Amino acid sequence: MSAYGQLATLERGRLYSFSAWASSIVPSGAGVYTIWDNDGRLIYVGMSGRGLTRNDVTAMQKSGERRGLVQRRATHASGRRNGDQFNVYVADRLVLPQLSQNEIERIAEGENGLLDGLIKDYIAEHLFYRFIVVEDGQAASQIEAEIRAGALSVGKPLLNPG
């Protein structure tokens, strides 16, 4: 796929819902994904497979190892902030402004898992993604940087502009 085709797929390709995920849709390997809200606003761009070579990707596909894009998508959908910058951004910019005073107090008092659960629900109800598979981590990193810098017609992503 050409560079133009890759960007077009990430901007106008098929949208997948975080709430109706079938693991067979998202392959293992290196790739780039864009995340969109209900209003068609570009929320985030990410990549998976940093450090993976073409040979690594081929070996993963042959062995059936579930790593890379598929693993990243599952981590985002979980809503857990631990080790996931996307979920931290969603919490800070999209979930916290909508919380009731009661929810804020419960979180402040340490109610276990409440905020992560609210993040997971927000992602499932409001966010969608597109993705492409690329040959290696270097290609994924380059495309991600281009989109963060504003390569798509919709401009830079809300949560992680370059």
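The numbers here are math on the coordinates, done by the rules we state, and not lab data. As the structure is a computational prediction, the values presented were derived from the model and not from experiment. A quick note on method: Cβ atoms are made from the backbone with ideal geometry, for glycine too, and the neighbour counts reach across all protein chains shown.
Here are some notes:
- Taking every residue in region 1-18 that is of a type outside the set (Lys, Arg) and pairing it with any residue that is surrounded by 15 or more Cβ atoms within 10 Å (Cβ to Cβ) and part of a helix (DSSP H, G or I), at least 6 positions away or on another chain, the pairs with Cβ-Cβ distances below 6 Å are Phe18/Ala77; Phe18/Ile123; Phe18/Ala124.
- Residue in region 31-42 that is of a type in the set (Val, Ile, Thr) and over 15 Å from the mean Cα position of the chain (by Cα) present: no
- Output for region 24-62, where each listed residue is in contact (Cβ under 8 Å) with a residue 12 or more places away in the chain, hydroxyl-bearing (Ser, Thr, Tyr) and surrounded by fewer than 19 Cβ atoms within 10 Å (Cβ to Cβ): Thr53
- Helices (runs of 4 or more DSSP H) fully within region 52-162 that include at least 3 residues being more than 19 Å from Arg41 (Cα to Cα), touching a strand residue (DSSP E or B) at 6+ places or on another chain (Cβ under 9 Å) and not β-branched (Val, Ile, Thr): 54-63, 69-78, 137-148.
- Any chance Asp136 is closer than 29 Å to Ala3 by Cα, touching a residue at least 12 places away in the same chain (Cβ under 8 Å) and out of contact with any Gly (no Cβ under 6 Å at 6 or more places or on another chain): yes
- Residue count for region 139-162 under the criterion of being closer than 27 Å to Val95 by Cβ, without any contact (Cβ under 8 Å) to a residue 40 or more places away in the chain and over 15 Å from the mean Cα position of the chain (by Cα): the result is 3.
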